[in-house]
1. Just to be sure before I move on: is Val115 closer than 21 Å to Met68 by Cβ, at pLDDT 80 or above and open to solvent by less than 50 Å² (accessible area, probe 1.4 Å) in the structure I sent?
2. Do you know which of the residues in region 92-112 that are part of a loop (DSSP other than H, G, I, E, B) and either under 21 Å from Ser178 (Cα atoms) or touching a Pro at 6+ places or on another chain (Cβ under 8 Å) (or both) is most open to solvent (accessible area, probe 1.4 Å)?
3. Looking at region 121-141 only, could you name the residues that are surrounded by fewer than 19 Cβ atoms within 10 Å (Cβ to Cβ), at pLDDT 90 or above and either of a type outside the set (A, V, I, L, M, F, W, C) or part of a strand (DSSP E or B) (or both)?
4. Every residue in region 305-321 that is in contact with a Ser or Thr (Cβ under 6 Å, 6 or more places away or on another chain) and either open to solvent by less than 10 Å² (accessible area, probe 1.4 Å) or of a type in the set (Val, Ile, Thr) (or both), please.
5. Return the total of residues in region 235-280 being more than 30 Å from Ala19 (Cα to Cα), open to solvent by less than 10 Å² (accessible area, probe 1.4 Å) and hydroxyl-bearing (Ser, Thr, Tyr).
6. Given Arg144, Arg128, which one is in contact (Cβ under 8 Å) with a residue 40 or more places away in the chain and farther than 30 Å from Thr263 by Cα?
7. Take Asp267 and decide whether it is in a loop (DSSP other than H, G, I, E, B) and charged (D, E, K, R).
8. Do we have Glu349 as touching a Pro at 6+ places or on another chain (Cβ under 6 Å) and open to solvent by 40 Å² or more (accessible area, probe 1.4 Å) here?
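The values are calculated or read from the model by the stated rules, or taken from the named source; none is laboratory data. Owing to the predicted nature of the structure, the values given are computational and were not obtained by experimental measurement. Backbone-built Cβ (ideal geometry, glycine too); neighbour counts: all protein chains shown. The area values use the complete protein model at the heavy-atom level, side chains included, leaving out ligands, DNA and RNA. Shrake-Rupley method; radii C 1.70, N 1.55, O 1.52, S 1.80 Å.
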Amino acid sequence: MTLGQRLDAATRGLSAPLAVVDLDAFEADADALVRRAGGTPIRVASKSLRVRSLLTAALARPGFRGVMAYSVAEALWLVSCGIEDVLVAYPSVDRAALAELMASPQALTQITLTVDDPAHLDLLTAIRAQTIRAQTPAQDLPVRLSLDIDASLRFSLPALRGVPALPRAAVHLGVRRSPVHTADEASRFAARAAATPGVRLVGVMFYEAQVAGLPDTSPAVRLVKKLSVRDLRVRRREVVDAVQAHVGPLEIVNSGGTGSLETSAADPVVTEVAAGSGLLLPGLFDGYRTLDALPAAFFGLDVVRRPSPHHATAFGGGYIASGPTSASRQPRVVDPPGLHLLPNEGAGEVQTPLAARRRRGAASEPLPAIGDRVWLRHAKAGEQYERFDEVHLVRGDQLVETVATYRGEGKNFG
């Protein structure tokens, strides 16, 4: 059976649009991540799943430990559901959620917040003072903090010969995250945190997006990755030493992502790596050479009309990935083969027109009939589940279980 035939059989009788996860591929991908991590624990990135049952399924497998959440409110909910050791990977100014955290002994022991600016410490101090006035803070337990370090690759270009007035240009390769880049900057922040009542700096985090988030598309990209790995191998140790000089031994030194597990895990200073997309392998990861992973997440659309002999239109499908607008953020057609999105229309909110590939000297690829199902993959892993209340888990051509997404559980964390 083809992939499309398997998924058709497993979801026969279910209405589309619908989302499916292939459990065999999911489990094989989990095993591949563990192999690549080489014994370093993997923290599961919840934003790449957004399905609680998939989070718990990953955590139940050897090699996985803890969750990397994207929202304080999400972390509170996960802990209330019994999930332990949650690192919120992005700073938050959600006063209500932070106050709830400070009032809960369970949450204070299980949740670690990310900070990277003294203003974050000031906000936590102010909320703690309000909590003290309203009620006694949870046994005076400190708020656990992790310092986000800018893991981008930075260097300066030399001035051009014969143009002495040209300033040395700084090059920044990577995402714009933390303002803390050097060991000296980390040291100053750690000193400030150590002097702030009610908080405890227990970790540092490095996300090298220019390594983990770039497919291996060219020699230039591979060079950037090599230089970044070399830079971080030195700078991570310098940062950790500088921070520990103020706060003592760190519990968490988090690094990496699905695209950089091997290089991050190979650094002895790293205590854990993070991954989520590698469990589902969305379209943006097709260009990586070392993932050893299978696509596991799909969504199905039903064909509702055929406006020409070369085109079929499916209902729904406008699930566009965040990031710079480009073809790479569009869904990818998986089955039937030979179909593609129209470049001037793309995936639409209500309908998605598809064109059959035309073969030179021959007829076009066959079109699906009205009522047939088309299967696609999202460009990113978790974002599609903001559009679905449930996900159908399948093995082979059998439906195993239907589970709720975050949205299906009535949870929306931004």
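1. Yes; evaluated as a whole, the condition is true for this residue.
2. Going through the qualifying residues, I end up with Val93.
3. Correct list: Asp122, Thr125.
4. Within region 305-321, Ala314, Gly317 qualify.
5. 2
6. Answer to the check: Arg128.
7. So Asp267 passes the test.
8. When the stated conditions are applied, Glu349 does not pass them.
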